[in-house]
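First the structure, in the form of structure tokens, and then the observations on it.
Read-outs: derived from the displayed coordinates by stated rules, not from any lab. Nothing here was measured: the structure is a model prediction, and the numbers come from that model. Reconstructed Cβ throughout: ideal geometry from the backbone, glycine too, with neighbour counts over all protein chains shown.
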Amino acid sequence: MINQNWDVQRIAGALGAEIRGIDLAKASEEEITAVKALLSEHMVLFFPDQHPTVDDHVALGKRFGKLEGHPHLKNPFTQHPELFELAASSGGIADEWHTDLTFQEQPSLMSILHMVKCPASGGDTMWTNLCAAFEALSPPLQEMCSGLTALHDATPHNRPDQMTIHPVVRLHPDTGRKALYVNEHFTRRIVEMSAPESEALLGFLTNWVQNPQFTVRYRWQAGTIGMWDNRCTQHYVLNDFNEERIIQRVTVMGDHPEGDPARWPAWTNSKGLSAASRHDRQLALYMKSQSIAAD
């Protein structure tokens, strides 16, 4: 049950709420349960005027599940390997729509971010509601997407060898809603389609989820904590600032994305190798690695 002293304000039609009246560092079990319910409802939550210490931040994250460090970003807090910090005054930010770490077999469940320092203007973050994006598709496209899978890899982190396959449409384990689970940053290929077909469909879907009607944009203030459900959202940081922006973040370990099984086999180039086969290379490497692992 939501505490009557809390002020909960929806900040966009699609998703997002700002909550005042709770001290997250001192929250009771009942209050954490209420926060989880709000997160399930709104997908991304913002808590101004928190100012947690690093210890407070890590302790808060652990109340939502087991934490994991970032696989590729250097962590300045040796006493807390689960927490990482990103500082930037221009560039070096996540200015491409993405769901966190989808190149892993079990992508992160949620993230909890503390805005330590932010520019006077610029550096906002946007999120999009992947369930609303799926539900707004036509029934024929919903049906087709529900029978497809996609290859994700860590090429943006210079690790193309780290890859996995997830359903194009993911079933949220708590709400039962379906979410479009592809993103422009980590998703490389629709597995069951040829490269040109995949490029066309994947391009449409990754642009579709960016439609403003599915999004919320948040202007940060120092001391704000933001948390989001990584199973049904994507986010994007606006690269429009030239003052220091420092964030600290913990990540709650996720589960294996579930969805309808693929209704078609993985694409193979039946005509043999050609100059165009380079478009199939990453998928072929993944399938070969899985074959070797199964032997």
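In vacuum, with every alpha carbon of the chain counted as one equal point scatterer, what does the Debye formula give for log10 I(q)/I(0) at q = 0.08, 0.12, 0.16 Å⁻¹? Two decimals, please.
After summing over all Cα pairs, the log10 values are -0.36, -0.80, -1.33.
Can you give the calculated 222 nm mean residue ellipticity of the chain, where each DSSP H run of n ≥ 4 adds -39,500 (n - 2.57) and the sum is split over every residue, rounded to the nearest 500 deg cm²/dmol? Before the final figure, lay out the partial values.
Details: 6 runs with 64 residues, N = 295.
Rounded to the nearest 500, it is -6500 deg cm²/dmol.
Beyond 25 Å between alpha-carbons counts as too far, so tell me which of Lys178/Lys288; Lys36/Lys62; Lys26/Lys62; Lys117/Lys178 fall in that bin. Intermediate values should be presented prior to the final figure.
Values: Lys178/Lys288 30 Å; Lys36/Lys62 13 Å; Lys26/Lys62 14 Å; Lys117/Lys178 36 Å.
With Cα atoms farther than 25 Å apart: Lys178/Lys288; Lys117/Lys178.
So, R0 is 51 Å and r is the distance between the beta-carbons of Asn158 and Arg10; what FRET efficiency does that work out to, to 0.05? Present the calculation step by step, with values, prior to reporting the outcome.
Details: r = 39 Å, r/R0 = 0.77.
It comes to 0.85.
Of Leu130, His98, Leu141, whose Cα points farthest to the positive end of the dipole of the stretch 86-145 (charges on the beta-carbon: +1 Lys, Arg; -1 Asp, Glu; origin at the Cα centre)?
So the residue we want is His98.
Please order Cys232, Cys131 by the number of other Cβ within 10 Å, starting at the fewest. List each step's numbers first, then the result.
Working: Cys232 28, Cys131 23.
Taking fewest neighbouring Cβ atoms as first place, the list is Cys131, Cys232.
Could you put Lys178, Lys36, Lys62 in order, starting from the residue whose Cβ has the fewest other Cβ atoms within 10 Å?
On the way: Lys178 22, Lys36 17, Lys62 13.
In increasing order of surrounding Cβ atoms, one gets Lys62, Lys36, Lys178.
Suppose a student asked you for the relative contact order of the stretch 149-195, using Cα pairs under 8 Å spaced at least 6 residues apart; what percent would you report? Intermediate values should be presented prior to the final figure.
Working: 73 pairs, mean separation 19.9, N = 47.
Relative contact order here is 42 percent.
Got a sec? How would Leu67, Leu285, Leu180 order by Cβ neighbour count within 10 Å, fewest to most?
Working: Leu67 18, Leu285 15, Leu180 28.
Ranked by crowding around the Cβ, least crowded first: Leu285, Leu67, Leu180.
Working out 0.36 nm times the residue gap between Ala284 and Glu243, then minus their Cα-Cα distance, what length gain in nm do you get to one decimal? Walk me through the numbers before you get to the answer.
Values: separation 41, 0.36 × 41 = 14.76 nm, distance 4.38 nm.
Full extension of this stretch gives 10.4 nm more.
Once label points are set 7 Å from the Cα along Cα→Cβ at both Asp174 and Arg63, what is their separation, rounded to one decimal in nm?
Between Asp174 and Arg63, the label points sit 1.4 nm apart.
Out of Glu244, Glu184, Glu105, any idea which swings most in a Gaussian network model of the chain, alpha carbons joined below 10 Å?
It is Glu244.
Suppose every K and R has +1 on its Cβ and every D and E has -1 on its Cβ; what is the size of the dipole of the chain about the Cα centre, in Debye to the nearest 20?
Numbers: 25 positive and 36 negative charges, 98 e Å.
That gives the chain a dipole magnitude of about 480 debye.
So how far apart, in nm, are the two label points at Glu41 and Ser277 if each is 7 Å from Cα heading toward Cβ?
Output for this residue pair reads 5.6 nm.
What are the semi-axes of the equivalent ellipsoid of the stretch 184-277, taken as the square roots of 5 times the eigenvalues of the Cα gyration tensor, listed largest first and rounded to whole Å? Could the numbers behind the result be given before it?
Working: eigenvalues 255, 61, 37 Å².
After diagonalising the Cα gyration tensor, the semi-axes are 36, 17, 14 Å.
Can you check how the C-alpha radius of gyration of the stretch 123-249 compares to 2.2 N^0.38 Å, as a plain ratio? Don't skip to the end; give the middle numbers.
Values: Rg = 15.8 Å, N = 127, 2.2 N^0.38 = 13.9 Å.
Here the answer is 1.14, to two decimals.
Give the residues of the stretch 222-237 whose amide nitrogen is closer than 20 Å to a point set 7 Å from the Cα of Asp124 in the direction of its Cβ.
222-229, 233-237
Please state the relative contact order of the stretch 176-295 as a whole percent: Cα pairs under 8 Å, 6+ residues apart? Mind showing how you got there, number by number?
Values: 37 pairs, mean separation 47.1, N = 120.
Contact order relative to length: 39 percent.
Between Glu96 and Val54, what length in nm is gained on full extension when 0.36 nm per residue of separation is reduced by their alpha carbon distance? If you can, show how the numbers build up before the last one.
Values: separation 42, 0.36 × 42 = 15.12 nm, distance 2.73 nm.
Result: 12.4 nm gained on full extension.
Could you work out how much longer the chain between Arg20 and Trp264 gets when fully extended? Use 0.36 nm per residue separation minus the Cα distance between them, nm to one decimal. Could the numbers behind the result be given before it?
Details: separation 244, 0.36 × 244 = 87.84 nm, distance 4.87 nm.
Value of the extension gain: 83.0 nm.
Give a residue-ordered list of calculated ³J(HN,Hα) values for the stretch 158-172 (Karplus: 6.51 cos²θ - 1.76 cosθ + 1.60, θ = phi - 60°; whole Hz; x for Gly, Pro).
Once θ is set to phi - 60°, the couplings for the stretch 158-172 become 6, 10, x, 6, 8, 8, 7, 10, 10, x, 5, 10, 9, 8, 5 Hz.
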